[in-house]
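Heads up, the thing below is written out as structure tokens.
The values are calculated or read from the model by the stated rules, or taken from the named source; none is laboratory data. Computed from a predicted model, the values in this text were never measured in an experiment. When we count neighbours, we look across all protein chains shown, and the Cβ atoms used for this are built from the backbone with ideal geometry, even at glycine. Surface areas here come from the heavy atoms of the whole protein model, side chains and all, with no ligands, DNA or RNA. Shrake-Rupley method; radii C 1.70, N 1.55, O 1.52, S 1.80 Å.
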Amino acid sequence: MQKEFAMVVCENEMKFDALQPRQNSFDFSRGDRLLEFAQRNGMQMRGHTLIWHNQNPSWLTNGNWTRDSLLAVMKNHITTVMTHYKGKIVEWDVANECIDDSGNGLRSSIWRNVIGQDYLDYAFKFAREADPDALLFYNDYNIEDLGPKSNATFNMIKSMKERGIPIDGVGFQCHFINGMSPQYLESIDKNIKRYAEIGVIVSFTEIDIRISQSENQSTAFQVQASNYKDLMKICLANPNCNTFVMWGFTDKYTWVPGTFPGYGNPLIYDSNYNPKPAYNALKEALMGN
Ligand code: G3I
């Protein structure tokens, strides 16, 4: 695997509950293990994720906070974590999944409900102060093609840029369903281009393309290969898209069946660690074929 990938990300080990299980008591052991693996193998690392509504420790979710005391918790977490990994993580997901699924403002979370609508501004300012060299991302799902949630995200990021909030990029998670249409792919391309116009990087951060178990898998693998290839081509054709990260590599270990029963096989190696058609399709795209 070390030869095949140039970037890694922790699936769970750098989330808030993993890094700060008790207030002001940090545990970097598991995150550090993957960082050491990355460094040993000349790979870059993404950081995922500083502020989220999920996978928070109970002391945080059950705490009796005021705006000021929760802002202090946010600042302490971001500063401590980013200082620990300073210079070692190239892209940080500062905030994850903060927009409501309907695209109607910020989703309900401890951060929005206690701190208020401006909590993201603070998170990005704290992050820039902690590691000025890390690229700072807003990361979300269902924001890849054009639509209400993606428009809300674009408008939020545009407004942050205009107000001088230090944000560098948007993470398109890219949890897709197999069989993406040309129109859908074209819409993703258009979306990337509108971010280029406002000087924002787009990273593909959690790609997987899930297949229904009711389909013939070998036929579906060919469609999946073509979808992976098209995605890579879109990324390569847009100068503001440089990061193509998958949410795992083998179908043996993936979050998909647990969350979407009846779906699976979303990655580029099968459950026996053999490369799938999608692997070869990505290789072709990278070689310009
Ligand atoms: O660590 C416990 C273990 O002690 C316990 O026995 C077991 C029983 O349920 O649970 C284990 O925790 C699980 C954890 O993954 C580690 O395996 C959680 O239940 C489970 O909910 C958690 O799921 C993760 C999920 O985020 C949580 O929201 C997935 O692995 C992870 O792939 C997924 O990643 C997210 C990204 O962060 C954001 N974008 C979507 C993506 C997919 O959901």
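Please list the three semi-axes, largest first and in whole Å, of the ellipsoid equivalent to the chain, using sqrt of 5 times the eigenvalues of its alpha carbon gyration tensor. Could you put the intermediate results ahead of the total?
Details: eigenvalues 192, 93, 69 Å².
Over the Cα atoms of the chain, the ellipsoid semi-axes are 31, 22, 19 Å.
Along each of the three principal axes of the Cα atoms of segment 110-188, give the extent in whole Å, ordering the values from largest to smallest.
42, 30, 23
If each of N24 and Q183 carries a label point 7 Å out from its Cα toward its Cβ, how far apart are those two points in nm?
With each label point 7 Å from Cα toward Cβ, the separation is 5.7 nm.
In angstroms, what radius of gyration and Dmax does segment 180-289 have, counting Cα atoms only?
Over segment 180-289's Cα set, Rg and Dmax evaluate to 14.3, 43 Å.
Net charge within 15 Å of M43 by Cβ-Cβ distance, Lys/Arg positive one each and Asp/Glu negative one each, not counting M43 itself?
Charge balance in the 15 Å sphere: +1.
Put a dot 7 Å past each Cα toward the Cβ at E197 and S271; how far apart are the dots in nm?
Computed distance between label sites S271 and E197 equals 4.6 nm.
Given the protein chains as shown and a 1.4 Å probe, how many square angstrom of R30 are accessible, to the nearest 10?
R30 has an accessible surface of roughly 120 Å² with all protein chains in place.
Going by Cα centres, segment 119-177 and segment 85-102 are how many Å apart?
8
Taking the full set of protein chains and a 1.4 angstrom probe, give the accessible area of T83 in square angstrom, rounded to the nearest 10.
80
So how much accessible area does F37 have, in Å² to the nearest 10, using a 1.4 Å probe?
Rounded to the nearest 10, that gives 50 Å².
Within the set K86/K233; K149/K233; K86/K125; K149/K229; K3/K233; K252/K283, which residue pairs have Cα atoms separated by over 27 Å? Each step should come with its number before you reach the end.
Working: K86/K233 32 Å; K149/K233 24 Å; K86/K125 16 Å; K149/K229 25 Å; K3/K233 21 Å; K252/K283 21 Å.
Flagged as over cut-off: K86/K233.
When the accessible area of segment 7-173 is split by element with a 1.4 Å probe, what percent falls to carbon and sulfur?
The nonpolar share, carbon plus sulfur, comes to 44 percent.
Hey, any idea what % of segment 181-289's accessible area is carbon plus sulfur with a 1.4 Å probe?
Working: 2740 of 5100 Å².
Accessible surface attributable to carbon and sulfur in segment 181-289 totals 54 percent.
Counting Lys and Arg as +1 and Asp and Glu as -1, what is the net charge of the other residues whose Cβ lies under 12 Å from the Cβ of F260? If you can, show how the numbers build up before the last one.
Numbers: positive: R210; negative: D208.
Around F260, the charge tally is 0.
Give the ranking of L50, L286 by solvent-accessible surface, highest area first, calculated with a 1.4 Å probe.
Per-residue accessible area, sorted high to low, gives L286, L50.
Quick check: with the 1.4 Å probe, what order do Y122, Y195, Y279 take by accessible area, largest first? Write out the running numbers ahead of the final one.
Details: Y122 70, Y195 0, Y279 40 Å².
If we order Y122, Y195, Y279 from most to least accessible, we get Y122, Y279, Y195.
With a ≥ b ≥ c the root eigenvalues of the C-alpha gyration tensor of segment 5-131, is it rounded (a/c under 1.5), prolate (a/b larger than b/c) or oblate?
Verdict is prolate for segment 5-131.
Per residue, how many Å² of accessible area does the chain show with a 1.4 Å probe?
Accessible surface, normalised per residue, equals 44 Å².
Taking the Cα centre of segment 7-173 as the origin, how large is its charge dipole in debye, to the nearest 20, when only Lys and Arg (+1) and Asp and Glu (-1) carry charge on their Cβ atoms? Write down the numbers at each step before the final one.
Values: 18 positive and 22 negative charges, 66 e Å.
Roughly 320 debye for segment 7-173.
Sorted by accessible area with a 1.4 angstrom probe, largest first, how do W92, W59, W255, W52 fall?
W255, W59, W52, W92
Could you work out the relative contact order of segment 1-129, using alpha carbon pairs under 8 angstrom and six or more residues apart, expressed as a whole percent?
27
Over the chain, what is the relative contact order in percent, taking alpha-carbon pairs closer than 8 angstrom and at least six residues apart?
On the way: 501 pairs, mean separation 36.8, N = 289.
The value is 13 percent.
Based only on Cα atoms, what mean projected area does the convex hull of segment 1-70 have, in nm²? All intermediate terms of the calculation are to be shown ahead of the outcome.
On the way: hull surface 21.3 nm².
The number I arrive at for segment 1-70 is 5.3 nm².
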